[in-house]
Amino acid sequence: MQSSSARIKLAALALGTAFALAPALALGQSLSGADLQKRVNGVLALMGYMLTPDVTTGALGISNASTGNPDFAMTTAGGGFTVSKGTPLYLEGTLGYSRYDPTFVTSNGQVTGSVAAKWDAYSATGGIGWDFPVAEGLVLRPIFNFSYGRVDSNTSASGQTGTGAEFDFLASGQLDAYGLGGSLVLDYERYRPENEIDIELRYTNIYLHSFRGSSTAVEGSADAQSVSLWSRWRAPTGVTMLNRPLRYVLEFAHTTFVGDLDGVLGFNHLNSFGTGLELDSSAYDITVARTRLMARYQVGENVRGWFFGLAVSF
């Protein structure tokens, strides 16, 4: 998503939440080492949604149908740029945060209690790639991706809680994970005074695994794979602001989730339809060259919702 003039572009920072209508994530299972392990693998899979600059996953929320409260919420911000045509080194980065609230039921055979866990997950992902020209305006871009993620757990319990490594993890544990993998991108750009077109096709595969330093009760791993198509059309509105044309923006994106991401949130694909305005400030000696305000509507299997995004180009 870089321009021919090598301006840095930051992907949309979500200002709202897209509400998913899929069922709540696996609530009310018995607490055991195997159950906890399954949940940890699941939360690492959820972290896989936060690893790349993808507008379809810029903001997601899963609500508990019985309470209306979110059991899973996520937001990301990221972007990438090519240094220059003479040095076609590509760099990208993504920051993500998610909150997942699983509930575990415990029992000693006589007394039943519950453990309501609160898991906060953070991730930071970088990418280093190179642009290989294929045709005019078209480049093939392999990217090496590396990621770090962390899950912090705390609980509020009612009834009998228990002891042991599993309960220690739920009470105040942490899980650190690294991710290694890559992406292959086919990027097309055509910029003219009358309109500007960007189209990007991307396949990403990043393997996440916990490492030493995490709580000893659990280990986790997930294979995060996705195939995405992103496209954007920009054209002047006929209005001039800051000595440059004010542009309208139309955007479409589709992502299909495969590997361990397939169905983990109740869907395997998302579509995003966006529209907005872009203010061009490049006529002035300031850092920000363009600013875009976007409204996006997301739809997929069991999912619908909207959010606002803000992006800048340098």
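In nm, to one decimal, how far is the modelled label at R304 from the one at L91, with both set 7 Å along Cα→Cβ?
With each label placed 7 Å out from Cα toward Cβ, I get 4.3 nm.
Apply the Karplus parameterisation 6.51 cos²θ - 1.76 cosθ + 1.60, with θ equal to phi minus 60°, to every residue of the stretch 185-191 and state each ³J(HN,Hα) to the nearest whole Hz, in sequence, with x for glycine and proline.
10, 10, 10, 10, 9, 9, 10
Can you list residues from other chains, or at least 5 along the same chain, whose modelled amide H is less than 5 Å from the amide H of S281?
Counting only residues 5 or more places away or on other chains, the set is R290, T291.
Tell me the carbon and sulfur percent of the accessible area for the stretch 196-298, rounded to whole percent, probe radius 1.4 Å.
About 60 percent, which is the carbon plus sulfur part of the accessible surface.
Going by amide H atoms built from the backbone, whose H comes under 5 Å of the H on N268, apart from near neighbours?
Here the answer is G263, E301, since their amide H atoms fall under 5 Å of that of N268.
Multiplying the sequence separation of M241 and D176 by 0.36 nm and subtracting their Cα-Cα distance, what value in nm do you get?
Once the chain is fully extended between M241 and D176, it gains 18.6 nm.
Ordered by residue, what ³J(HN,Hα) values in Hz, to whole numbers, does the stretch 231-245 give under the Karplus form 6.51 cos²θ - 1.76 cosθ + 1.60, where θ = phi - 60° and Gly and Pro are x?
These are the phi-based 3J(HN,Hα) values: 9, 8, 10, 10, 8, x, 7, x, 9, 9, 9, 6, 6, 9, x Hz.
Points 7 angstrom from Cα along the Cβ direction at F314 and L293: gap in nanometres?
Taking the two extended label points, one gets 2.4 nm.
Under 5 Å between amide hydrogens, which residues at least 5 positions from L246 or on another chain qualify, with H placed 1.01 Å from N in the peptide plane?
Long-range HN contacts for L246: T237, G238, V239, T240, M241.
Average projected area of the Cα convex hull of the stretch 181-273, in nm²?
Its Cα hull, projected and averaged over all orientations, spans 9.4 nm².
Note down the relative contact order for the stretch 197-314 as a percent, whole number, built from C-alpha pairs under 8 angstrom at least six residues apart.
Across the stretch 197-314, relative contact order equals 18 percent.
Just to check I understand the Karplus step: with θ = phi - 60° and J = 6.51 cos²θ - 1.76 cosθ + 1.60, what whole-Hz values come out for the stretch 293-308, glycine and proline as x?
Calculated HN-Hα couplings, in order: 10, 10, 10, 10, 10, 10, 8, x, 4, 6, 9, 7, x, 9, 7, 9 Hz.
The values are calculated or read from the model by the stated rules, or taken from the named source; none is laboratory data. Remember, predicted model here, so these are calculated numbers, not experimental data. No Cβ is skipped: glycine too gets one built from the backbone with ideal geometry, and neighbour counts run over all protein chains shown. Heavy atoms of the whole protein, side chains included, go into the accessibility calculation; ligands, DNA and RNA do not. Shrake-Rupley method; radii C 1.70, N 1.55, O 1.52, S 1.80 Å.
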